[in-house]
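J.: Let me begin by handing over the structure; questions about it come next.
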Amino acid sequence: MKVVVWLAEGTWQACVDAAAEVAPPSASIALLHVIDPALASDVSDAFAGLVGRGTRGDPGAAVGAAAARAAEQLLAAAAARLDRPSSPVRRTGRLEREVVAAAEGADLLVVARDGPVSRLGPRSLNPPTRFVVDHAPCAVLLVWPTAPPAVDTIPPPPPHKATPPHKAAPPKKAAPPHKAAPPPPPH
């Protein structure tokens, strides 16, 4: 069995714990971390837009280097927490696309909810995670990074709406009136 564990800041611990719990001892576990280069690019673009005297080095490069260091620390912490053989997988690109690509050939992808987790519902998944859940080429184990909220946090159903006239069943035709029976023939 091949298991891929997506590691993201703030939720990686729950993913590692879930993988340790469900993966059999013989499973091959890959600890996946993705760096989105858009962050460093955005910083570089903002820096390029500044006007003033003198220039210092592009801060985008420093942000990229800091992201790489943080990724290595996170991968090391995840491996220590898992406390069993695993392999680190480092990818760079759009988060959702890289996670789906990394899950190709896997039997299980472990992902954590990363949106607001104070109530049940679809908003507990941010758009990249929703994309991964919808497009993963394998089974997905979706875990809560904290204790799940109570079932009574499900939003109420929308108010009942009357069926629009164009979707309503056609009215039943009135039964034809009964005709009186003809008078009996004379004897």
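The values are calculated or read from the model by the stated rules, or taken from the named source; none is laboratory data. Predicted, not measured: the structure shown is a model, and the values here were computed from it. Methodologically, a virtual Cβ is constructed for each residue, glycine included, from the backbone with ideal geometry; neighbour enumeration extends over all protein chains shown. Only protein heavy atoms, including side chains, enter the accessible area calculation; ligands, DNA and RNA are left aside. Shrake-Rupley method; radii C 1.70, N 1.55, O 1.52, S 1.80 Å.
J.: Compare ILE35, ILE29, ILE154 by solvent-accessible area with a 1.4 Å probe and give them largest first, with all protein chains kept in place.
T.: Working: ILE35 45, ILE29 5, ILE154 95 Å².
My answer, sorted largest first, is ILE154, ILE35, ILE29.
J.: Restricting to DSSP loop positions (anything but H, G, I, E, B) with no more than 16 other Cβ atoms inside 10 Å of their own Cβ, which trypsin sites (Lys or Arg not before Pro) remain in segment 94-130? Walk me through the numbers before you get to the answer.
T.: On the way: sites: ARG94, ARG97, ARG113, ARG119, ARG123, ARG130; in loops: ARG94, ARG113, ARG119.
Filter output for segment 94-130: ARG94, ARG119.
J.: What residues qualify as long-range amide H neighbours of LEU141, i.e. H under 5 Å apart, gap of 5 or more or another chain, H built at 1.01 Å from N?
T.: Amide H to amide H, under 5 Å and 5 or more residues apart or across chains, LEU141 pairs with LEU109, VAL110, VAL111.
J.: Taking θ = phi - 60°, what integer Hz values does the Karplus form 6.51 cos²θ - 1.76 cosθ + 1.60 yield along segment 121-137, in sequence order, with x for Gly and Pro?
T.: In residue order, the calculated couplings are x, x, 6, 6, 10, 6, x, x, 5, 4, 4, 4, 4, 6, 10, 4, x Hz.
J.: Classify segment 93-167 from the C-alpha gyration tensor, please: rounded if a/c falls under 1.5, else prolate or oblate depending on whether a/b exceeds b/c. The partial results should precede the final answer.
T.: Numbers: a/c = 2.79, a/b = 1.61, b/c = 1.73.
Note, shape of segment 93-167 comes out oblate.
J.: 5 Å is the cut-off here: which amide hydrogens, built 1.01 Å from N in the peptide plane, fall below it relative to THR92, excluding neighbours closer than 5 in sequence?
T.: Under 5 Å from the amide H of THR92: ILE35.
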